[in-house]
Amino acid sequence: MKIAIIGAGISGIVAAHSLQKSGHETVVFEKSADPGGVWALGYPGVRLQNTGLHYRLSDFPWPFEPDHHPTSGQIREYLNQAIKALDVNIRTNHEVLSMLEAENGWSLKYKADGGEKESSFDFVVVAIGQYTEGKHRPEFPGQSDFRGEIITERDVNNLDVFNNKRVAVVGFGKSAVDMATFAVERARHVTHVFRTPRWLIPFHICGIHYARLIFCRMTSVLMPSWAYPSAAEKFLHQKIAWLIRGTWELIALVIRAHCYVYGIGKSKLAKKGLKAVLPEHYIVSDWRSAAAMAPEHYYPAVANEKILPVHAELDGFTEKGIRLSDGNVIECDQVVLSLGSEAPQFPFFPKTYREMLEAENDGVQLFRHLLHPEIPNVAFAGFNHGFMHVPAAEVGMLWLAAYLDGDLQLPSALEMKKSITHILRWKRQYINYEPSRSCAVNTRFQQYIDIILKDLGLSPYRKLPNIFAEAFSQYGAADYEGLIEEYRDKRQSMVLPRALFKADT
């Protein structure tokens, strides 16, 4: 097939490479001047929260040695080298304006070279990402009266912007704690205002790097999910759920103790600040796509009173600062609104389809996080976003290639919609809100990947026959190398089309 891919972030690059290897012709449309997606928009100092071991194409290792947590510049360089080495056909400065449904696919109208053009494709893969939309920036009462500066992290091109300012950072996601931490050494004073504190994951827990814990199967099995790939996991969560919850409560206790250590010997104000930034709610409800690592110097800065945490809601502005919901006013020169991204938007789709995709404020929910049952000849890449994002995107595109070849027998549209509704309800009950909640697998990456591999008749247990490694070694992108070739070999002996594994995801 001739396939158009919209978006040249990591998901679009994965989609193009995977589908090319499966025999399709791909063209990637990128509206910006450079590929890279959200990494081309990153603020100075931003780094990958997981490691280079997890964030790479399975068959293209890092061609240079990145930092353990690569910088945005290193990631962009990796992607540029991957595009060249893998011969990915990317057309930058090509903005897709509209999609017109045709008898055998889609006609795309796009802006390029100063004019509008049109091309036809058999199939379209949407890979626009979850975090490339504008930042959430609501209007607050009195905002026009404020004499200082109001920005978001997208406006921070140089950290000198904080120099000698009284800075108030609003929000509690990754960008908010980053901004507060970056401002500490430059600003006169930093206040961190948040409505709800969130669980931040320490980079090291009891001296162990978090990746060794989160990315091993023994830990991922303990993650409550909307679907389980094995009878053993299902039994564990249905019959002894109290043990699962107790384990996570113990982990929360360890993280809490880890933070309180910074307050030993400190003032009452410092201890009050540490208490303010630690949540009371169940830790698993914060295991979502927006889950953030704790910047190395954030908790120490709170303990040393360099960051003043304020647990309150922003209610409005005054001439000299911000007014909080408790009536207090904080004087400041600069306010950084780090309130998250907007939900994904699909302006190029026909109106009917766009309304389907944008109907929910927490993002689009898809069958297998890949297909919408009512939109023909379209799939989505990267809307199975999670902690193991690149392998999930690769496995999803292998699944898509099998579907396009007629190898998979999908349920009816009604059954797919029932599956979607089940997951939507589960996520809303157990995962705290975020604009991309419905289109992410977050910390349920292992369950998701396992189920997709079972759909394809491939073993999800990539480290066997070494049982110890399977249970306790961390999974990485390299564990999924060669899946396309493996599927191609096994396909010869399969009875096709295959019925899907019975699980909602």
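The values are calculated or read from the model by the stated rules, or taken from the named source; none is laboratory data. Everything numeric here is computed off the predicted structure, so don't read it as measured data. Don't worry about glycine lacking a Cβ; one is built from the backbone with ideal geometry, like all the others, and counts go over all protein chains shown.
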Self-check item: Selection within the range 168-188 - more than 25 Å from Ile251 (Cα to Cα) and crowded, with 18+ Cβ neighbours inside 10 Å
Solution: Ala168, Val169, Val170, Met179, Ala180, Phe182, Ala183, Val184, Ala187
Quiz item: In the list Ser225, Ser220, Ser175, which residue meets the criterion of being under 30 Å from Leu500 (Cβ atoms) and at pLDDT below 95?
Solution: Ser220
Quiz prompt | Any chance Lys117 is exposed (fewer than 13 other Cβ atoms within 10 Å of the Cβ), more than 30 Å from Asn442 (Cβ to Cβ), among the basic types (Lys, Arg) and free of Cβ contacts under 8 Å to residues at least 40 places away in the same chain | solution = yes
Exercise. Residue by residue through the range 5-51, note down the ones that are buried (at least 24 other Cβ atoms within 10 Å of the Cβ) and either without any contact (Cβ under 8 Å) to a residue 40 or more places away in the chain or in a strand (DSSP E or B) (or both).
Key: Ile5, Ile6, Val28, Phe29
Exercise. Read through the list (1) closer than 18 Å to Arg444 by Cβ; (2) out of contact with any helix residue (DSSP H, G or I) (no Cβ under 7 Å at 6 or more places or on another chain), then give the number of the only condition that Gly386 fails.
Key: (2)
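Having 2 or more residues that are touching a residue at least 60 places away in the same chain (Cβ under 8 Å) is the bar; report the helices (runs of 4 or more DSSP H) wholly within the range 197-307 that clear it.
210-214, 217-220, 298-303
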Quiz prompt | Failed criterion for Ala392 (all others in (1) touching a strand residue (DSSP E or B) at 6+ places or on another chain (Cβ under 6 Å); (2) modelled with pLDDT under 95 hold) | solution = (2)
Exercise. Only residues that are crowded, with 18+ Cβ neighbours inside 10 Å, charged (D, E, K, R) and within 26 Å of Val364 (Cβ to Cβ): list them for the range 136-167, please.
Key: Glu153
Quiz prompt | Sole residue being at pLDDT 95 or above and outside the structural domain of Val364 (by TED's automatic domain parsing), chosen from Val169, Val156 | solution = Val169
Quiz item: Quick one: which strands (runs of 3 or more DSSP E) sit completely within the range 94-139 and have at least 3 residues that are closer than 18 Å to His24 by Cβ, at pLDDT 95 or above and in the same structural domain as Gln365 (by TED's automatic domain parsing)?
Solution: 105-112, 115-121, 123-126
Self-check item: Wholly enclosed helices (runs of 4 or more DSSP H) of the range 421-505 bearing at least 2 residues touching a residue at least 24 places away in the same chain (Cβ under 8 Å) and surrounded by fewer than 16 Cβ atoms within 10 Å (Cβ to Cβ)
Solution: 467-472, 483-491
Quiz prompt | Residue list for the range 313-368, filter: of a type in the set (Asp, Glu) and more than 26 Å from Ser107 (Cα to Cα) | solution = Glu313, Asp315, Glu319, Asp326, Glu331, Asp333, Glu342, Glu360, Asp362
Practice problem: Scan the range 239-286 for residues that are small (Gly, Ala, Ser) and loosely packed, with under 13 Cβ neighbours inside 10 Å and report the count. | Solution: 5
Self-check item: Qualifying residue in the range 131-152 (condition: without any contact (Cβ under 8 Å) to a residue 12 or more places away in the chain and either closer than 30 Å to Ser11 by Cα or touching a helix residue (DSSP H, G or I) at 6+ places or on another chain (Cβ under 6 Å) (or both))
Solution: no
Quiz prompt | Scope the range 313-331; condition buried (at least 17 other Cβ atoms within 10 Å of the Cβ) and touching a Ser or Thr at 6+ places or on another chain (Cβ under 7 Å); matching residues | solution = Ile330
Practice problem: Determine which single condition Gln81 fails, assuming it passes every other condition in (1) more than 21 Å from the chain's Cα centre (by Cα); (2) outside the structural domain of Ala33 (by TED's automatic domain parsing). | Solution: (2)
Exercise. Please indicate, with yes or no, whether at least one residue in the range 286-302 is closer than 28 Å to Ser412 by Cβ and over 26 Å from the mean Cα position of the chain (by Cα).
Key: no
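Listed here are the residues, each with its yes/no results for (1) under 19 Å from Tyr298 (Cβ atoms); (2) of a type outside the set (Val, Ile, Thr).
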residue	(1), (2)
Arg137	no, yes
Arg154	no, yes
Asn158	no, yes
Asn163	no, yes
Gly171	yes, yes
Pro197	yes, yes
Leu200	yes, yes
Ile205	yes, no
His209	yes, yes
